[in-house]
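For reference, the structure discussed in these notes is given below.
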Amino acid sequence: MKKSPVSMTINGQPVEELVEPRTLLIHFLREQLNLTGAHIGCETSHCGACTIDLDGKSVKSCTIFTLQAEGAHIRTIEGMAAADGTLHALQEAFREKHGLQCGYCTPGMILRAWRLLQENPDPTDAEIRFGIAGNLCRCTGYQNIVAAIKHAAILMAGAQQKEAAE
Amino acid sequence: MNIMNTAHVRHGSNIGQNLTRREGALKVTGAARYAADHHPAGMLYAVLAVSAVARGRVTALDVAAAKAHPGVVDVMTPQNAPKLAHHPDEKTNPFAFRLDILQDAQVRYANQPIAVVIGESLEAATEGAVLLAPAYQAEDVVVRFEDGEHFVPAAVGVGAPAEEGHGDVEAGLRNAAQRVDVTYDTPAHYHNALEPHAIVAEWQGERLIIDTPSQGMAIAQGRLAGLFGIAPEDIYIRSPYLGGGFGGKGLIAGPQVLGIMAAKLVGKPVKLVMRREQLYGPIGHRGVTRQHMRLGADTEGGLTAIDHHILTATSRFDDFFEPSAGVTHTLYATPALLTRYEGMRFDTGTPLFVRAPGEASGSVALEGAIDELAEACGMDPLAFRLKNYAETEPLTGKPFTSKALRACYAQGAARFGWAKRPLAARMMTDAQGLLTGWGVGTATFPAHMFQASARAEIRSDGSGVVEIGAHDMGQGAWTALAQIAADGLSLDMDKLTFRIGTSDLPDAGIAGGSAHTATAGSAIHNATGAAIAALADIAMRDETSPLFGAGNAGVVSRDGHLYRRDDESRGESYATILSRAGLDSVEGRGEGAADQAVTENYAGHAHGAVFAEVKVDPELGQVRVTRLVGAFAAGRVINPRMVESQYLGGMIWGVSFALHEEAIMDRRTGRPVNGNLADYHVPVNADIPSVEAILIDEQDSLINALGIKGVGEIGITGTAGAIVNAIWHATGIRVRSMPVTLDKLLF
């Protein structure tokens, strides 16, 4: 099938590739770019394992064609840690608060939590629970996921205050 | 070598510590590679075509159309599928369940694979599978208890008797002051691990390399070796991370074998990933049950009899009967006990192990019926359970290796505030006018052990290596087993190289039955003990060692050193001992298995008590669990953080059992009606309120050397019953058909 050119920015890097129009964004990320951190759980946008951030929104990358992301700014789990490998506050919080078991949902969960905290830096428990209701964890580590996001919110607020002070 | 005189000191630096997950950083960065993340050079994509009918034959496949699609490399059908060394229906051992891997055109259940399309891209192969446009000759199906004949199965579960008990149940019921006679229905459940079954298979001549999630690599090796007529050693499985297992990855499933066959057919590496909807068929499920409970109690509330009759369905072509009676055998003291089964054959895939197979479904019926009997006796349901507390295992009369259930009841009840519970139903409403109810359920799960081997090594630089082909499906084997290994070698974790997750390591047995930490942990304990003993033997025979001649007094290991037990000022480091002996390393091997003398004479079970609060909308019947407190006793806790997570996750599976999960099969076509994550409901975060797990201290010196029981499955048991009982307490309605959806509560 004929391929079309597509360009976007992923984790700050410009990407120019040829893709078939029928290629879903998650398959493009995983199979063509080898960004395998986002996972596939259902391909019907119910589980959230494939969640990425696209132009300021949490997007389930299994239900969007790659060509629809033309010109988009995308962030995936591979773009969360600093260049020197320092974990993002959310990654640190998920690790420290045991917000993961099998880890399969974790990249999508972290990307969703990141957008949630951009929109609402100090969410209540209930806001977190509803805010991540589109991301399934079948190990059902929900208690610790909420604890991790709350912890990250504190870390991120602290980092922001420090930045402002400097 | 004098092992007896070499003590194995656990100094507590590792076991019992709340360590974070060792592979956590890999998982939060997306760097942990699951099976489907692999992409060897030259890899092709394989896509399953699955049956749209549940019984019959495939009469036509448009292979030409599929092959004509650009990018399609080949189509595998029964005509060209690689020949197998034996028929996949051959029952070569009790764990060899029949597979559908293109042996013929017959269809035995919906979503059975009927062809595999291999393409240069996933998209091409997917389109090719659609173009096959299969035609079928369909036959009538049976997927309901009402539609077929019942029979008494020869065995249930894997080889358990279909009828067990003692005493005169009919007399016990006849003479009872209070009786209940009720039927509980539980539906089929699918594992729905978030990671679908996936395989990347590559043949290197006669050698097979596969990345696939597995809870039992050695069993998979054996099964594949038999099917392909090669040696198990020539099969190399990598399974370092599973995206959840829940029993669904215990045995290699047909689609995984098809990925291997596809790779053989095209002579290239192949990736095959199942789609979510394809999982509702060929990988097993929790069998549907209808459980008839007859219980009697005397005027004091003491049980006089329990009769637990289970009707359950297997597939038309293989036998696995959901063994729901296990909890009834072990939980409540009764002078007369009878458990018996009837089976049916449905046109579905064969049911198999789903987290707490048997215990989960049996528990909800038993806990519900016990609650109903407590109500009939006018007793508090917790007091009723304590009244019928089993001091010995009810079925066998054996003493328990340990049983801290009373402490679970007491601490759970205290934390929950159970004492304030009104006895009658429908007595509590909250500020919003929601009916509020409190319920309790007893949790229990057997402390199984399988067979495992491990290898330990102490190196001349003072470091250690422990290797075991263990599986981490999320429960924390990378961490908890490493803690046991580090303590076994008396080393800090950072001095330990710990390897699991590949099939070239010693067989760790299956990660199932909540037995992995106990079994693999025991093997590690013995292997590390043997390595220490071998090292001590070298030192004690060396005249220049401060440990020379310590034979009778013995030596102890601590922090990378051996010391004389009778004079701990005399000792030396592992590195010194090995360097002087001119050795690079010393090795120990060990096995893990149940102590037969213990299993013959004692009953080993973990226990717990779960307390639930629900709120029910009186007009809409909508139920929410608002509070859950579980208290569990399961022997020694290796890592409280991991154990707590297992309890919480298990309890949430219990919420799911009570309120959400149900696979609905269309009675006309036999197809799953809700085979996707939109319609097959599992809890999301917003469904889950406060959940708390209390870890009750329990020392068990009999169950195994480490005192470990299992924690992976017990959380489901007790919980679903507690919720159903709380719904009664809120509403006055006993719902006996799972899940409790709002239509069943319209009052």
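None of the figures in this text is laboratory data; all of them are computed from the coordinates on show. The model shown is predicted, which means the values in this text are computed figures rather than measured ones. So basically every Cβ, Gly included, is an ideal-geometry build from the backbone, and we count neighbours across all protein chains shown.
Structural remarks
- Dipole magnitude of chain B about its Cα centre (Cβ charges: Lys, Arg +1; Asp, Glu -1), debye to nearest 20: 600
- Take each residue in A:32-41, count the other chain C-beta atoms within 10 Å of its C-beta, and the mean is 5.
- Taking the centroid of alpha carbons for each part, the stretch B:23-57 and the stretch B:445-464 are 31 Å apart.
- For the residues of B:642-650, the average number of beta carbons from a partner chain within 10 Å of their own beta carbon is 4.
- Relative contact order for the stretch A:89-165, counting Cα pairs under 8 Å that sit 6 or more residues apart, in percent: 49
- Under the convention that each Lys and Arg Cβ holds +1 and each Asp and Glu Cβ holds -1, the size of the dipole of the protein assembly as shown around its Cα centre is about 580 debye.
- Shape of the protein assembly as shown, Cα gyration tensor, a/c cut at 1.5: rounded
- The ranking of B:647, B:236 from fewest to most other beta carbons within 10 Å of each one's beta carbon is B:236, B:647.
- Overall shape: oblate for chain B, with the ratio a/c of the largest to smallest alpha carbon gyration tensor axis at 1.5 or above and b/c at least equal to a/b.
- About its Cα centre, the dipole of the stretch A:4-79 is roughly 220 debye, where the only charges are +1 on Lys and Arg Cβ and -1 on Asp and Glu Cβ.
- For the stretch B:650-678 versus the stretch B:296-369, the gap between their alpha-carbon centres in whole angstrom: 20
- At most 16 other Cβ within 10 Å, DSSP loop - GluC sites (Glu not before Pro), the stretch B:346-445: B:391
- Cβ crowding within 10 Å, taken as a proxy for footprinting-reagent exposure, orders B:632, B:498 from fewest neighbours to most as B:498, B:632.
- Here the relative contact order of the stretch A:15-166, from alpha carbon pairs under 8 Å that lie six or more residues apart, stands at 24 percent.
- Mean Cα-pair separation over length for the stretch A:4-79, i.e. relative contact order, pairs under 8 Å, 6 or more apart, %: 40
- J(HN,Hα) series, the stretch B:561-570, from Karplus relation 6.51 cos²θ - 1.76 cosθ + 1.60, nearest Hz, glycine and proline x: 10, 10, 10, 5, 5, 7, 7, 6, 7, 9
- Our estimate of slack between residue B:175 and residue B:415, defined as 0.36 nm per intervening residue step minus the Cα-Cα distance, is 82.6 nm.
- Exceeding the 20 Å Cα-Cα cut-off - candidates A:60/A:97; B:249/B:271; B:83/B:264; B:249/B:709: A:60/A:97; B:249/B:709
- Spatial offset of the stretch B:396-412 relative to the stretch B:74-95 amounts to 47 Å, using the alpha carbon center of each.
- Percent of beta bridges antiparallel (DSSP, the protein assembly as shown, rounded to nearest 5): 75
- Among the GluC sites (Glu not before Pro) within the stretch A:25-76, those in coil by DSSP and having at most 14 neighbouring Cβ atoms inside 10 Å are A:70.
- Three-way shape label, the stretch A:89-165, alpha-carbon gyration tensor, a/c 1.5: prolate
- Karplus (6.51, -1.76, 1.60) ³J(HN,Hα), θ = phi - 60°, over the stretch B:275-288, in Hz, Gly and Pro reported as x: 7, 3, 5, 6, 6, 8, x, x, 10, x, 7, 7, x, 5
- Those residues of the stretch B:316-343 whose amide nitrogen sits under 19 Å from the label point placed on residue B:163, 7 Å along Cα→Cβ: B:321-326, B:328-329, B:336-343
- Per-residue ³J(HN,Hα) for the stretch B:361-378, Karplus 6.51 cos²θ - 1.76 cosθ + 1.60, θ = phi - 60°, Hz, x for Gly and Pro: 6, x, 5, 5, 6, 5, 5, x, 5, 4, 5, 5, 6, 4, 4, 4, 7, x
- Highest to lowest packing among B:177-186, A:133-142, scored as the average C-beta count within 10 Å: A:133-142, B:177-186
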